[in-house]
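One structure is given below, encoded as structure tokens.
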Amino acid sequence: MAKTNYAELAPDLLDKVGGQDNVSSLSHCATRLRFVLKDESKAGTDAIKDTSGVVTVVQAGGQYQVVIGNDVPEVYAELMKLLGPVVGDDDAPAERKNPLDAFIALVSGIFSPMLWTLAGTGLFKAFLTMFVTFGWLKEGTDGYTVLYAASDAFMNFLPIILAVTAARHFKANQFTAMAIAGALVYPSIIALNDGGTHSFFGIPLVMMSYTSSVIPIIVAVWAQSHLERFLMKVIPSAFRNFMTPWLTVLIMVPLTLLTIGPATTYLANGIAAAVQWLFNTVPLLGGAIMGGLWQVFVIFGLHWGFVPIMTQEITTNGFSVMTGPLVAPVLAQAAAGLAVMLRTRDRKTREMAGPASLSGFLAGVTEPIIYGVNLPRKLPFYFGVVGGAIGGALGAIAGGRTTSAGVFPSIIGLPAWLSTPNFPLFLFGVILAVVIAFLLTFFFGVKDDPDAVAADQDDDVSAPSATGATAPAADVDVFLVAPLPGRVIAVEDIPDPVFSSGVMGQGVGIIPTSGRVVAPVAGEVVVTVDSGHAIGLKTDDGVEVLVHVGIDTVNMEGSGFTQHVSKGQHVEAGELLLEADLATIEAAGHSTATAVLVTNSANHKAVTTPAVGSAVDAGDNVIVVSK
């Protein structure tokens, strides 16, 4: 079957719905374009239904719904290039969250695809630090230089990696985003961060260090996405392909250096000066703030403002007291992550939290545990902040200090704090921070779904086959399991005409008793929606599966849904995809009926549903796909 050309389909669709002037707004869910048209009579419904790449048209709920299938994000992206600033589903959920939740969801989503590499290189660096500390490897040798570069490159050039995932999130050109990020960490730009006076054609250039930074590139790519959409509208098509990235880089690199750098630097210097004043007047309070907020400062890149003060302290006094409270917050976050690993029943989280916690304890590399575990779950991060504040306060009272500002706060780095006047009190503060963060997280910070008690992902599916589902009979290619427990109904009984008609493929409906949704088969996540109510998977042997929770739940704009996977991620059968609050769905007036469909059923010999009419648990076989 020929692949649909989305660049050709989009303008054809736009013309058939009545043109740009007839479109009030456009959004999409897992399978449908959802137009709000000013005048639906202007839309050529029959012509749209006959268009290659279109499954059908549904007019309901004040929306003109064009059913595309799993490829709807690609068609939507092409339409948005033509429509410009039309508000879609992608924007709605974030606008309705409180700012903190929106920020956490944003950062977690952007970090999600890279977490395993971040954790792996963090652990690599932890062991390298340990080898140097124990004298097994000499610092400065060629071998050490190669290994250090291998372990540190990912974190050092983190803005370039973040540029890719941020561009995917904001629907910007990822290669242009990489060009912007590359400029921020370019050697000659790094060299400008020397404390001297610099300018960009007469405009003062206030420099900061962008290596390992997070927020500057995320903000820059967000701005890039808006600039690109504007340029795509105003530049003639003959010049658009090369002029858009050229002008975007030309504008965004100086703009980022002239705005984000100064803003971050001034804010960081102001906070650092305030904390230093507190250290001089009320050490207990200064230590508590430094210990409690240090990891927050790191997330926003504000910690760089403290480096000159710490360096000056060492130059003047031979030691720095502002480094005293830093061990407690670092180890507290690692301890919170360890508690999550021991308490959670989510296999993926356990696998991430183990090495990430170890890298935090041994080498003080906390990014993997913060972005991969603690921050997405919120409470573990907060409890780490509480532990860090208490430990930091005791560290300040003890006169905690180091003689080198370059030592990472960690277990291996603890000897650097031996010059502390009251080292036993300092060490007690660190231990207390670890204990507080660990116990609070262990008992109060890990909120797995109660239904997971009987569905530990290590045992979700027995005797896995090559596709990750329960091993089928020899003549069966793929076996799909129930993604959630409940009563299985025939596809024609799903209360939605698109699903029940079979145009989206064969499968089953499930009236769920729990909102914990796991993968029905192993494969790649090919479809996600910001509203979190649907996931599309594709197995290695080409079976395309849609799990759609509830009917018209896209209108809930994310309320009641928590998505745990991202597009491009590989999942195993039984791995947690999303969580849905069934009570919230029903309170909003929607059916909780969940569709589990093989969307490319026509490509297979048969799709049979032996479980129709029965009650099933998550992991029970419900669909057989014969190749």
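Only one of the listed residues (Val340, Val386) is surrounded by fewer than 24 Cβ atoms within 10 Å (Cβ to Cβ) and either of a type in the set (Ser, Thr, Tyr) or modelled with pLDDT of 90 or more (or both). That residue is Val386. Of the residues making up the stretch 516-532, those that are among the small types (Gly, Ala, Ser) and surrounded by 24 or more Cβ atoms within 10 Å (Cβ to Cβ) are Ala519, Gly523, Ser531, Gly532. Among the residues making up the stretch 6-23, those that are in contact (Cβ under 8 Å) with a residue 40 or more places away in the chain and either of a type in the set (S, T, N, Q) or touching a strand residue (DSSP E or B) at 6+ places or on another chain (Cβ under 7 Å) (or both) are Leu13, Val17, Gln20, Val23. Among the residues of the stretch 490-515, those that are assigned to a strand (DSSP E or B) and surrounded by fewer than 21 Cβ atoms within 10 Å (Cβ to Cβ) comprise Ala490, Gln506, Ile511. Scanning the stretch 65-91 for residues being part of a loop (DSSP other than H, G, I, E, B) and at pLDDT 80 or above gives a total of 1. Checking the stretch 136-149 against the condition returns a match, with at least one residue being assigned to a helix (DSSP H, G or I), of a type in the set (S, T, N, Q), surrounded by fewer than 12 Cβ atoms within 10 Å (Cβ to Cβ) and without any contact (Cβ under 8 Å) to a residue 60 or more places away in the chain. In the stretch 25-52, the qualifying residues are those that are surrounded by fewer than 20 Cβ atoms within 10 Å (Cβ to Cβ) and in contact (Cβ under 8 Å) with a residue 40 or more places away in the chain, and the one that is nearest to Asp530 (Cα to Cα) is Ser25.
Candidates are the residues of the stretch 175-198 that are assigned to a loop (DSSP other than H, G, I, E, B) and among the β-branched types (Val, Ile, Thr); the one that is farthest from Phe154 (Cα to Cα) is Thr197.
Could you please let me know if Phe170 is surrounded by fewer than 19 Cβ atoms within 10 Å (Cβ to Cβ) and within 29 Å of Glu74 (Cβ to Cβ)? No; evaluated as a whole, the condition is false for this residue.
Yes or no: the stretch 391-399 includes at least one residue that is at pLDDT below 90 and in a helix (DSSP H, G or I). No, every residue in the stretch 391-399 fails to be at pLDDT below 90 and in a helix (DSSP H, G or I).
Looking at this structure, is Ala482 more than 22 Å from Ala593 (Cα to Cα), in contact with a strand residue (DSSP E or B) (Cβ under 7 Å, 6 or more places away or on another chain) and modelled with pLDDT of 85 or more? Here the answer is no, as Ala482 does not meet what is asked.
Within the stretch 108-154, track down each residue that is charged (D, E, K, R), at pLDDT 85 or above and within 17 Å of Phe408 (Cα to Cα). Scanning the stretch 108-154 gives Glu139, Asp152. Of everything in the stretch 180-223 that is aromatic (Phe, Trp, Tyr) and in contact (Cβ under 8 Å) with a residue 12 or more places away in the chain, the residue that is surrounded by the fewest Cβ atoms within 10 Å (Cβ to Cβ) is Phe200.
Cβ-Cβ contacts under 8 Å between residues 6 or more apart (or on different chains), taken from a first residue in the stretch 492-507 that is in contact (Cβ under 8 Å) with a residue 12 or more places away in the chain to a second residue that is in a loop (DSSP other than H, G, I, E, B) and of a type in the set (D, E, K, R), are listed as Asp496/Asp552. Just to be sure, is Ser531 of a type in the set (Gly, Ala, Ser) and either within 19 Å of the chain's Cα centre (by Cα) or part of a strand (DSSP E or B) (or both)? Considered against the rule, which asks whether it is of a type in the set (Gly, Ala, Ser) and either within 19 Å of the chain's Cα centre (by Cα) or part of a strand (DSSP E or B) (or both), Ser531 comes out as yes.
Mind checking which residues of the stretch 311-337 are small (Gly, Ala, Ser) and either surrounded by 23 or more Cβ atoms within 10 Å (Cβ to Cβ) or closer than 16 Å to Leu358 by Cβ (or both)?
Ser320, Gly324, Ala328, Ala332, Ala334, Ala335, Ala336, Gly337, listed by residue number.
Residues checked against (1) at pLDDT below 85; (2) assigned by TED's automatic domain parsing to the domain that holds Ala77; (3) among the acidic types (Asp, Glu):
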| residue | (1), (2), (3) |
| --- | --- |
| Val526 | no, no, no |
| Gly542 | no, no, no |
| His548 | no, no, no |
| Glu586 | no, no, yes |
| Ala602 | yes, no, no |
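Of the helices (runs of 4 or more DSSP H) lying entirely inside the stretch 250-347, those containing at least 1 residues that are within 30 Å of Ser199 (Cβ to Cβ) and not basic (Lys, Arg) are 283-300, 307-317. Considering the stretch 352-390, and only residues there that are outside any helix (DSSP H, G or I) and of a type outside the set (Ser, Thr, Tyr), the residue that is farthest from the chain's Cα centre (by Cα) turns out to be Gly364. Residue pairs whose Cβ atoms lie under 9 Å apart, sitting 6 or more positions apart in sequence or on different chains, and linking a residue in the stretch 420-432 that is at negative phi to a partner that is of a type in the set (Val, Ile, Thr) and assigned to a loop (DSSP other than H, G, I, E, B), are Phe426/Thr420; Leu427/Thr420. Considering the stretch 55-64, and only residues there that are surrounded by 17 or more Cβ atoms within 10 Å (Cβ to Cβ) and in contact with a Ser or Thr (Cβ under 9 Å, 6 or more places away or on another chain), the residue that is modelled with the lowest pLDDT turns out to be Gln63. Working only within the stretch 528-561, note down all residues that are hydroxyl-bearing (Ser, Thr, Tyr) and farther than 15 Å from Val598 by Cβ. Result: Thr528, Ser531, Thr553, Ser559. For the stretch 2-14, the set of residues classified as surrounded by fewer than 13 Cβ atoms within 10 Å (Cβ to Cβ) and either of a type in the set (D, E, K, R) or under 12 Å from Leu83 (Cα atoms) (or both) consists of Lys3, Glu8, listed by residue number.
The values are calculated or read from the model by the stated rules, or taken from the named source; none is laboratory data. These numbers come from a predicted model, not from an experiment. As a convention, Cβ positions derive from the backbone with ideal geometry for all residues, glycine included, and neighbour counts pool all protein chains shown.
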